[in-house]
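J.: My questions will all concern the structure given below.
The values are calculated or read from the model by the stated rules, or taken from the named source; none is laboratory data. From a predicted model like this one, the values you see are computed outputs, not experimental measurements. Please note: Cβ atoms are built from the backbone with ideal geometry, for glycine as well, and neighbour counts cover all protein chains shown.
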Amino acid sequence: MSSTHDVFNQAPPLVGHNTADHPALLEGLHREGAGWAEDEVRDLGRLAGTQEAQDWGRLAERYPPTLRTHDRYGHRVDEVDYVPAYHDLMRTAVGHGLHAAPWADPRPGAHVARAAKFLVWNVDAGHGCPISMTYAAVPALRATPDLAGRFEPLLTNREYDPGLRAPDSKRGLIAGMSMTEKQGGSDVRANTTRAVPQADGTYLLTGHKRFTSAPMSDLFLTLAQAPGGLSCFLVPRVLEDDSLNPMRLMRLKDKLGNRSNASSEIEYDQAQGWLVGEEGRGVRTIVEMVNMTRLDCVIGTAAGMRTGLVQATHHARHRSAFGRALIDQDLMRNVLADLAVESEAATTVMMRLAGANDRAVHGDEHEAAIRRLGLAVTKYQVCKRGPMHAAEALECLGGNGYIEDSDLPRLYRELPLLSIWEGSGNVAALDALRAMAREPHTVEAFFTEVELASGADHRFDDAVGVLKKELSHADDIETRARRVVELMALVLQGSQLLQHGHAAVADAFCASRLGRDWGGAFGTLPSGLDLDPIIDRAVAGTPAD
């Protein structure tokens with residue numbers, strides 16, 4: 001029997017590469033004090049590029065978790081079942097220290113190393129949610145030293161130990177968060193969940209939570225109204241006597257993406273919890289946690305941009321049209337170079353903020369100020385650009401990109417979440433304004449950082465001047481918030497590229513994003529730029545044949 005046609009002019013599967021072959025990432029790793037971790041990052045990147053790891057991600061997304069509310073006898077069990085691939089992903093992430101491990105590592109750069117590993121392990125975004133929440137839970141928990149002393153060693157341990165058992169009996173713990181409610185969303189002060197103090201020092205919580213991700217976690221940070229006001233609590237999934245804490249899983253969310261992560265609606269029915277911090281200071285207690293999860297939103301978006309870019313350039317190297325490889329055609333080169341500029345800018349600023357976070361954790365107040373405002377504006381801008389970047393990367397593959405087998409539809413569905421999680425666009429922009437108004441030292445730290453690049457490029461200098469003018473008058477500042485915050489983020493990215501990035505990337509960024517000689521759509525970089533080194537960096541580490 002003869003074949004009806006031969007298959008040719010198709011890109012081969014992108015496997016066997018190392019996702020850590022990412023120049024901007026490795027340069028940032030060394031610059032921000034974690035060069036000692038390069039071998040660890042490369043080991044994880046090598047695994048991420050294997051067929052096995054990529055299949056884990058596909059399977060975990062294709063067969064999402066399912067809810068079992070009762071057992072065969074009618075007993076309430078409130079369990080979520082996952083496919084084995086999900087546990088393989090979690091075991092790998094925990095084993096490589098992507099969760100809370102840096103908090104137990106005194107080496108300078110430990111949090112930077114973790115950020116780099118979080119980026120290269122981008123085979124599935126859903127399992128990254130409980131990994132991120134476990135990382136973010138530790139600084140919040142430290143508001144109550146007794147709880148931190150009891151649970152932090154288990155949260156930082158590099159052993160994944162799934163299953164519902166009392167937390168003290170396990171070898172390692174995963175933490176979740178249970179904050180938002182139907183009537184409030186980001187306005188957590190509108191929460192109505194009640195917390196009633198008990199004689200033994202615990203509280204009993206009653207109320208409904210709209211979003212509780214990873215409900216099979218061991219511990220949950222949650223907000224509830226105590227007698228002294230909105231307060232933060234640590235709620236165990238299983239009590240010390242191995243009975244289930246009464247947290248009823250009502251349903252799992254049917255989400256656009258992030259499907260391997262079980263996001264649920266839950267009801268606390270007098271669930272036991274411990275107070276974290278002081279009564280009435282719940283929001284202040286979780287501020288450090290929000291810093292960490294917002295940083296992970298930026299890391300996740302930078303990871304998604306790199307993934308989309310690598311897929312697009314891989315396709316363009318192996319696909320020909322009209323007698324030439326796509327990557328050799330001028331307009332496609334402009335598109336790919338523009339995607340690469342966006343990706344490098346996101347990675348470079350992300351690594352700077354990871355370094356600021358690392359130094360802030362060790363007590364550097366100036367770096368804490370940079371993290372506070374720099375992260376707020378970057379979370380807004382980078383995460384806003386993510387979905388547009390994914391759409392253009394998908395389009396580079398044409399109809400092939402619109403097919404699930406390409407994996408780009410999964411990326412396209414995923415990235416909008418990171419613009420929503422930990423504050424959608426308006427919340428992030430208003431948070432930046434709030435930081436500038438209430439913590440003016442953050443503005444000083446921001447411009448001290450930005451102006452390290454003064455004089456390097458006239459377009460950059462002009463943009464800084466425009467930004468200062470925008471900030472000089474407070475009238476209608478809320479109406480202009482997105483415009484102001486976007487410009488702040490672009491100026492911060494430009495300063496990092498001018499100081500530390502490849503000259504061709506910095507030039508293209510300033511010419512388009514700051515010089516405004518840009519059509520807005522990807523692929524509208526102005527003429528006269530040197531695109532060759534930009535594309536060379538984009539294809540680093542991927543197979544040419």
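J.: From the list Arg413, Arg434, pick out the single residue that is in the same structural domain as Glu365 (by TED's automatic domain parsing), among the basic types (Lys, Arg), more than 17 Å from the chain's Cα centre (by Cα) and in a helix (DSSP H, G or I). Write out each step before concluding.
T.: Details: Arg413 fails: more than 17 Å from the chain's Cα centre (by Cα).
Answer to the selection: Arg434.
J.: Which one of Arg434, Arg410 is surrounded by fewer than 20 Cβ atoms within 10 Å (Cβ to Cβ), charged (D, E, K, R) and under 26 Å from Ile299 (Cβ atoms)?
T.: On the way: Arg410 fails: surrounded by fewer than 20 Cβ atoms within 10 Å (Cβ to Cβ).
Result: Arg434 is the single residue among Arg434, Arg410 that is surrounded by fewer than 20 Cβ atoms within 10 Å (Cβ to Cβ), charged (D, E, K, R) and under 26 Å from Ile299 (Cβ atoms).
J.: Turning to a different aspect of this structure: Given segment 1-86, what helices (runs of 4 or more DSSP H) lie entirely inside it while holding 3 or more residues that are in contact with a Leu (Cβ under 7 Å, 6 or more places away or on another chain)? Don't jump to the end; show me each part of the working.
T.: Details: elements: 23-31, 38-48, 51-62.
Answer list for segment 1-86: 51-62.
J.: Same structure again: Tally up the residues in segment 105-137 that are outside any helix (DSSP H, G or I) and out of contact with any Asp or Glu (no Cβ under 8 Å at 6 or more places or on another chain), please.
T.: Of the residues in segment 105-137, 7 are outside any helix (DSSP H, G or I) and out of contact with any Asp or Glu (no Cβ under 8 Å at 6 or more places or on another chain).
J.: Then there is this: What residue, of Leu295, Leu353, Leu331, Leu373, is assigned to a helix (DSSP H, G or I), of a type outside the set (D, E, K, R), at pLDDT 95 or above and more than 30 Å from Asp187 (Cα to Cα)?
T.: Just one listed residue meets the conditions, Leu331.
J.: In a helix (DSSP H, G or I), at pLDDT 95 or above and out of contact with any Cys (no Cβ under 7 Å at 6 or more places or on another chain) - does that describe any residue in segment 264-282?
T.: No, segment 264-282 contains no residue that is in a helix (DSSP H, G or I), at pLDDT 95 or above and out of contact with any Cys (no Cβ under 7 Å at 6 or more places or on another chain).
J.: Within segment 510-523, is there a residue that is assigned to a helix (DSSP H, G or I) and of a type in the set (Phe, Trp, Tyr)?
T.: no
Quick grid of which residues meet (1) within 27 Å of the chain's Cα centre (by Cα); (2) over 17 Å from Thr378 (Cα atoms); (3) at pLDDT 95 or above:
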{"residue": "Thr442", "(1), (2), (3)": "yes, no, yes"}
{"residue": "Phe447", "(1), (2), (3)": "yes, no, yes"}
{"residue": "Arg459", "(1), (2), (3)": "no, yes, yes"}
{"residue": "Gly465", "(1), (2), (3)": "no, yes, yes"}
{"residue": "Ser495", "(1), (2), (3)": "yes, no, yes"}
{"residue": "Trp518", "(1), (2), (3)": "no, yes, no"}
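J.: What about Ala224, is it in contact (Cβ under 8 Å) with a residue 12 or more places away in the chain, buried (at least 24 other Cβ atoms within 10 Å of the Cβ) and within 18 Å of Cys129 (Cβ to Cβ)?
T.: Criteria not met by Ala224.
J.: Let me ask something else about it. Quick check on Gly74: is it of a type outside the set (Phe, Trp, Tyr) and loosely packed, with under 15 Cβ neighbours inside 10 Å?
T.: Working: of a type outside the set (Phe, Trp, Tyr): yes; loosely packed, with under 15 Cβ neighbours inside 10 Å: yes.
The answer is yes for Gly74.
J.: So which of Thr156, Thr180, Thr206, Thr192 ends up being in the same structural domain as Ile266 (by TED's automatic domain parsing) and farther than 26 Å from Gly280 by Cα?
T.: Answer to the selection: Thr156.
J.: How many residues are part of a loop (DSSP other than H, G, I, E, B) and surrounded by fewer than 22 Cβ atoms within 10 Å (Cβ to Cβ) when one looks only at segment 495-509?
T.: Total meeting the criteria: 1.
J.: Now for a different question. Pick out the one residue from Gly386, Gly363, Gly465 that is not in a helix (DSSP H, G or I) and not hydroxyl-bearing (Ser, Thr, Tyr).
T.: Numbers: Gly386 fails: not in a helix (DSSP H, G or I); Gly465 fails: not in a helix (DSSP H, G or I).
One residue alone meets the criteria, Gly363.
J.: Name the pairs: first residue in segment 159-188 and over 24 Å from His96 (Cα atoms), second residue part of a loop (DSSP other than H, G, I, E, B) and of a type in the set (Val, Ile, Thr), Cβ to Cβ under 8 Å, at least 6 apart or on different chains?
T.: Glu181/Thr192; Glu181/Thr193; Gln183/Thr192; Ser186/Thr180; Val188/Thr180
J.: Look through segment 335-375, keep the residues that are in contact with a Leu (Cβ under 9 Å, 6 or more places away or on another chain), among the small types (Gly, Ala, Ser) and closer than 12 Å to Asn291 by Cα, and return whichever of them is surrounded by the most Cβ atoms within 10 Å (Cβ to Cβ).
T.: The qualifying residue surrounded by the most Cβ atoms within 10 Å (Cβ to Cβ) is Ala354.
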